[in-house]
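The values are calculated or read from the model by the stated rules, or taken from the named source; none is laboratory data. These numbers were taken from a predicted model, which means no experiment stands behind them. Please note: Cβ atoms are built from the backbone with ideal geometry, for glycine as well, and neighbour counts cover all protein chains shown.
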Number of protein chains: 2
Amino acid sequence: MANIKEIARISGVSVTTVSRVLNNHPYVSDDKRNAVLNTIEQLNYRRNMNAVHLITGRTKSVAVIMPLIRIYYFSIIMEGLAQEALLAQYRLVLCQTNYRPEEELKVLEMLRNKEIDGVVIVSTSLKPEVIEEYTAYGPIVTCQNSGESRFSSVYIEHYAAFRHGLQYLADKGYRSIGYCDGRKHGSSSSIRQSAFRDFHRESGLPLHEEWMIFDCLNEEHGAALLHRLSAMEERPEAIIVAGDHVAAALMIEAGKQGIRIPEDLAVIGFDNQPIGKLLGLTTIDNKLFEMGAAAFQTIHEQIHGDGGSQPVHRKLDYELIERSSV
Amino acid sequence: MANIKEIARISGVSVTTVSRVLNNHPYVSDDKRNAVLNTIEQLNYRRNMNAVHLITGRTKSVAVIMPLIRIYYFSIIMEGLAQEALLAQYRLVLCQTNYRPEEELKVLEMLRNKEIDGVVIVSTSLKPEVIEEYTAYGPIVTCQNSGESRFSSVYIEHYAAFRHGLQYLADKGYRSIGYCDGRKHGSSSSIRQSAFRDFHRESGLPLHEEWMIFDCLNEEHGAALLHRLSAMEERPEAIIVAGDHVAAALMIEAGKQGIRIPEDLAVIGFDNQPIGKLLGLTTIDNKLFEMGAAAFQTIHEQIHGDGGSQPVHRKLDYELIERSSV
DNA sequence: TTGTAGGCGTTATCAG
DNA sequence: CTGATAACGCCTACAA
């Protein structure tokens, strides 16, 4: 493989000049520039980027930590990230960790290794303290509210969004409200649980523990959810579901069972997924694409900031989209 | 930042010994190993992987070219790729190219640059001849049948799968069959078009050009598709739809319009998506997860083969899943 | 505008 | 088992 030295020799110039041409630096005569360009063309030369990475200390690539890429929630964020990365000419290293903390840690180690210039954490099993230890090695952005942490974050307020949904149901006259979520112990799930309890305490509406249902991750769970509701002695009039795909499944199953939406059961979902739109599902759009895009922009700014840049906490707005399921 | 030299100095050994410890090589006395391990611990040292990449000529990372990560089809393949990459301790660089050939080329250039050890192309706008030029720089695997090309491929036979679906409909007694696909000029779409025409020619069933419908990419298009069918003077009894999400939308819209499935319109889809399962959609499962996994395994084998390894062409089986929409 | 020389942080080679 | 020393391929003061 040809290297810069050989290009220099053949072109009759120094390696410095070749490097200058390669990097579009000024102060190279047209003669020499063309000579260099010619031999590059002739030898079909390409820079070895690993050498560039070594000496510059940067790789123009950013790692993304997410549990499962096939989940709508994550894939949309990824799309936003990828769009911005493309614009900025950055590489995105997708690290699908399956919620395994040890894998997430490995990614943070890559930052120390200088393999990547920054990390975007979309969902994490790691404690903030652990993440903070790595801020010394490069910018880190999470897609969750991280409070006053030393790393940046781009987020929507899940608490407010969830309460907004609950209040919307209450305003519509529903007096008994159920709640369905994915992993019970996920961080955003915990926030929603608090919101749910706080709302009931403050509003005085009755709260049945039975109406809080977890581990509803996919469409099958959504269908099962309907049956579970049907089987209850006292069924809530409305339900708020984290994830439109689950809510959609619930609605479809309801249709099969002759349960009318919203007359017999009102439903409100999250994520504004296409299937929900089709079904007329009222939902809270948490702007996933925008979140991904903003996360990349943030990390990009931090990388190009002069190192001493302070962590940024960027709140995005959610939006309640009214359709016909409430 | 501490480097290997400093570790060596402080531990009272040579850099070679440190390197040996780092790489778990044999022939290091326990004494020295411990001494090295200690100072590594003390200084909180980590290898600079860029230096390793430079000298070894490898990066343990593979790029993935796909147009849009949020599409179910691609995200599942990505999940399969990511699972295997995790097992093999490889990094995956996701390059979302939006079908732009120039971006796809950039990724192939990364292979020359030594930034990555291999490329998985899930869908491409590039001509096989162009891709072949890059096989000199590292292994390339496509997720489409590439015939006798110099790069490897992992694929299902879209032609056979599609004809299988058509034959299934014919066997069930349907005499007029429509066809709906995404991008008209996509490579796998072209294959399905051939299959559709060939099938009609050979079976003698009537083919209306009007029954071949394109640009059905998402759920809204699926709903619109139903209306388009309804408006036809002569409507097909059955339709085969590339993409369960589109087929599902069609079914849901049919439900709203009082069109019975399969009595008024039989539907068969592709991809075996969760929403289709819920709706009882008969579909052809093209084993996307397995394809991703197999693609990674293939590239991994090629990377670790002794360079001169021949391209592999691996055909995966599809599976017709009978439910109640036919 | 150009070139020389040193350095980035490892691993590989080869002689002890 | 251990250690000098030479790569790997490039960028960048600094000097001219």
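Pairs are defined by a Cβ separation below 8 Å, a sequence spacing of at least 6 or placement on different chains, a first member in the range A:7-23 that is within 14 Å of chain B (Cβ to nearest Cβ), and a second member that is more than 9 Å from DNA strand C (Cβ to nearest atom) and outside any helix (DSSP H, G or I); the pairs so defined are A:Leu22/A:Arg47.
For first residues located in the range B:26-38 and over 13 Å from B:Thr16 (Cβ atoms) and without any contact (Cβ under 8 Å) to a residue 40 or more places away in the chain, partners that are within 14 Å of DNA strand C (Cβ to nearest atom) and part of a loop (DSSP other than H, G, I, E, B) and lie 6+ apart or on another chain with Cβ distances below 8 Å form the pairs B:Ala35/B:Val13.
Among the residues of this structure, B:Arg33 does not count as one that is basic (Lys, Arg), outside the structural domain of B:Gly305 (by TED's automatic domain parsing) and within 9 Å of DNA strand C (Cβ to nearest atom).
Of everything in the range A:250-265, what is touching a residue at least 12 places away in the same chain (Cβ under 8 Å) and either surrounded by fewer than 23 Cβ atoms within 10 Å (Cβ to Cβ) or more than 26 Å from A:Glu157 (Cα to Cα) (or both)? Give them in sequence order. Break it down stepwise before answering.
Just the residues of the range A:250-265 that are touching a residue at least 12 places away in the same chain (Cβ under 8 Å), to begin with: A:250-254, A:257, A:259, A:261-262, A:265.
Result: A:Met251, A:Ile252, A:Glu253, A:Ala254, A:Gln257, A:Ile259, A:Ile261, A:Pro262, A:Leu265.
In the range A:47-70, the count of residues that are part of a loop (DSSP other than H, G, I, E, B), within 16 Å of DNA strand D (Cβ to nearest atom), within 30 Å of B:Ser75 (Cα to Cα) and charged (D, E, K, R) is one or more.
Residues checked against (1) within 30 Å of A:Ile140 (Cβ to Cβ); (2) in the same structural domain as A:Ser189 (by TED's automatic domain parsing); (3) at pLDDT 95 or above:
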| position | (1), (2), (3) |
| --- | --- |
| A:Ala254 | no, yes, yes |
| A:Ile259 | no, yes, yes |
| A:Gly280 | no, yes, yes |
| A:Gly308 | yes, no, no |
| A:Ser325 | no, no, yes |
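Based on what the data block shows, is B:Gln297 surrounded by fewer than 22 Cβ atoms within 10 Å (Cβ to Cβ) and not assigned by TED's automatic domain parsing to the domain that holds B:Asp244? Judged against the criteria, B:Gln297 is a match. In the set (1) out of contact with any Phe, Trp or Tyr (no Cβ under 8 Å at 6 or more places or on another chain); (2) farther than 18 Å from A:Phe74 by Cα; (3) in contact (Cβ under 8 Å) with a residue 60 or more places away in the chain; (4) within 11 Å of another protein chain (Cβ to nearest Cβ), the condition left unmet by B:Tyr90 is number (1). Taking the criterion of being within 8 Å of DNA strand C (Cβ to nearest atom), out of contact with any helix residue (DSSP H, G or I) (no Cβ under 7 Å at 6 or more places or on another chain) and under 18 Å from B:Asn44 (Cβ atoms), the only residue of the range B:8-23 that qualifies is B:Leu22.
Within the range A:86-104, the set of residues being more than 23 Å from B:Arg58 (Cβ to Cβ) and not in a loop (DSSP other than H, G, I, E, B) comprises A:Leu86, A:Leu87, A:Ala88, A:Pro101, A:Glu102, A:Glu104.
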